[in-house]
Structure formats: structure tokens, C-alpha cells
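Please read the structure below before turning to the comments.
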Amino acid sequence: KLHLVEYFIRRGATETASQFFDSVNQRLDHLFGLRYDFGKNDTEKHSLFLARLEQVSKQLKDEERLLIIVDGLDEIKSGDPMLSLLPKLLPERIQIIYGARPQRELRFTFYEQLDRERKTNFDLGGLSLPDIRAVLMEHVSKYEMQQPYVEAVLRISEGNPLYLKMLCRGLEQDIYKLNQVGMLPKGMDELYQAALLRLENENAGSVNFLMYLAAAKDFVSAELAASWMSIDTPTIKNRMLYACLEFLYENPLTDG
């Protein structure tokens, strides 16, 4: 039985050691019925996190494992101690997967410090031709799909999973035509532009709303956004907000 705890580091949102320990410690307490304090500073939070891992290791049965996934090490806030506080040695039956974009600095300051006998490194590349074919088959008829089209998708996308995901959505919505190589978006910029255009056509003013949110870089209430845009608050709450949330939000544990 596998117990999973995941933490996704995002710059400006979940990028500090304090945020990491508060989130993961709470998840561990919920999963394993632990009753530890949360700590008042990074040092205390770190110590209590290690204590939790030791307790969990004792509770796990032989056929059980705890897997912690920490993705986005390259997004950690500059100057924050999270990197130095992440565990490098683990109790039995507990494993951690660390993920990050390739960075020379991370390799020498973090990865090389991990237990040499217990670490494994995977360099993830783009999707392969069979991968792309398999994903496309979930969205279009496998009997109609032609090999040159699949090869063109691989060549243009360079195996980018996000490109393929957005292309499949476009195929389902009849924005792009199967087997028409000339209609394939030339890159991510073109895909994003098409997606924004669809959003604006379906919900006028949504792109302007997104621009205000990006400029604010902080929480913006519907009332404040409505006053900035000179429109009524119900329009923001009942139409525009939901459209933008659907456009932006992606749950890493699901398809949407």
C-alpha cells in the first residue's frame, strides 16, 4: 500500500520552508493520526517534520510505503533555507522524489549531498512517438489517425506534454483538424494565443481581467476588479471569474 504526500513549489505561492513544513506536516498528521506541534520557526518545523517521519516509519507495515513528492526545487524563494532543510537521509519504508528543472547549481548544492547509495537520478525527456500516438488515441479515432500527422506533432511539439494536451483539447473542440499538418500550431505561443482568443470570444473582458490580476500580483476581490474594469460585480462573480478559473486552474492529481 502506497501513501502519497505531494508538494508543488510555486514561486510567489508555496516557495518557503515554512509553507512546505506546515503543509506536509498537516498531511502526515491526517494520514497517520499523529499529534505533533507545528513549530514556531523553520528550525522547529524541520525538527518536528523529522520526528513525524520517524514515527510514520515505525507505524508502516512491511507492505506499506510512504512516498513524498517535492516538485519545483528551482522555484524556491531566493535566500530561503528550504533547500538545506529538506531531508537527505530517510527512515525505512519512506522515499522522496525531488523534481526540478535542470540547474547546475542545484546539482552541486543539493543533489550531490544526497545519500550516494540510496539515490537514483532520472533525466526526463519529452514524449516519444509512441507516447504521442497513445495520447492522441484517447481523443480522436485511432482508425483515422495517420502516421505522418503523429510524426509532425512530435517534430513541432518537441515532445512537450502541455503542447499535446492543448492540441487534444483543440481537436475535441474542432478548432484543429485531425491529419491536417498545416493547421498544427507552430509552438506554445500560438497555442496560448488561440486559447486566450477563445476565452475572450466566449467571455468578453476576460483577458483584460487576467491582465489586471497579473499586474496586481496579489489577491484581488471581485468588487475591486469590477471597479477597476467599470463593470458590475455580478458579471465578475457569475461569469468572468469562473471562466478564468477554468482556463487557469489545473489540478496536478487529476486531468482538469
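Data overview
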read-out: Label-zone membership for the stretch 84-98, site D62, 7 angstrom Cα→C-beta point, backbone N under 20 Å; value: 91-95
read-out: Extreme residue, positive dipole direction of the chain, given options L73, Y111, I132 (C-beta unit charges); value: Y111
read-out: Placed amide H near I96: partners under 5 Å, 5+ positions off or other chain; value: I68
read-out: Prolate/oblate/rounded label for the stretch 118-231 (Cα gyration tensor, a/c 1.5); value: oblate
read-out: Aspartates and glutamates with Cα under 13 Å of K1, excluding same-chain neighbours fewer than 8 positions away; value: D62, E63, E64
read-out: Principal-axis tilt of helix 17-32 within the chain, Cα atoms, nearest 10 degrees; value: 80
read-out: Nearest-ten-degree value, helix 161-172 long axis tilted from longest Cα axis of the chain; value: 40
read-out: Magnitude of the charge dipole, the stretch 115-169, Cβ model with Lys/Arg +1 and Asp/Glu -1, debye to 20; value: 100
read-out: The chain, accessible surface, carbon-and-sulfur percent (1.4 angstrom probe); value: 51
read-out: Listed residues F219, L162, I236: farthest to the positive end of the dipole of the chain (Cβ charges); value: L162
read-out: Estimated dipole of the stretch 1-127 in Debye, rounded to 20 [Cβ of Lys and Arg +1, of Asp and Glu -1, Cα centre]; value: 80
read-out: Correct choice for Cα extents along the principal axes in Å that was computed from the model, options (1) 65, 44, 28; (2) 92, 54, 25; (3) 56, 52, 35; value: (3)
read-out: Cross-link pairs K165/K186; K58/K88; K45/K217; K217/K237; K45/K77; K119/K165 - those with Cα-Cα distance over 22 Å; value: K45/K217; K119/K165
read-out: L83-R169 pseudo-label distance in nm [points 7 Å out on the Cα-to-Cβ vector]; value: 3.3
read-out: By average C-beta atoms within 10 angstrom, highest first, the peptides 191-197, 24-30; value: 24-30, 191-197
read-out: Degrees separating the helix 206-216 axis from the principal Cα axis of the chain, which is the longest one; value: 40
read-out: Rounded accessible area per residue of the chain, 1.4 Å, Å²; value: 63
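The values are calculated or read from the model by the stated rules, or taken from the named source; none is laboratory data. Computed from a predicted structure; not experimentally measured. Every residue, glycine among them, receives a Cβ derived from its backbone with ideal geometry; neighbour counts consider all protein chains shown. For the accessible areas, the whole protein counts, side chains as well, though only heavy atoms, and no ligand, DNA or RNA atoms are used. Shrake-Rupley method; radii C 1.70, N 1.55, O 1.52, S 1.80 Å.
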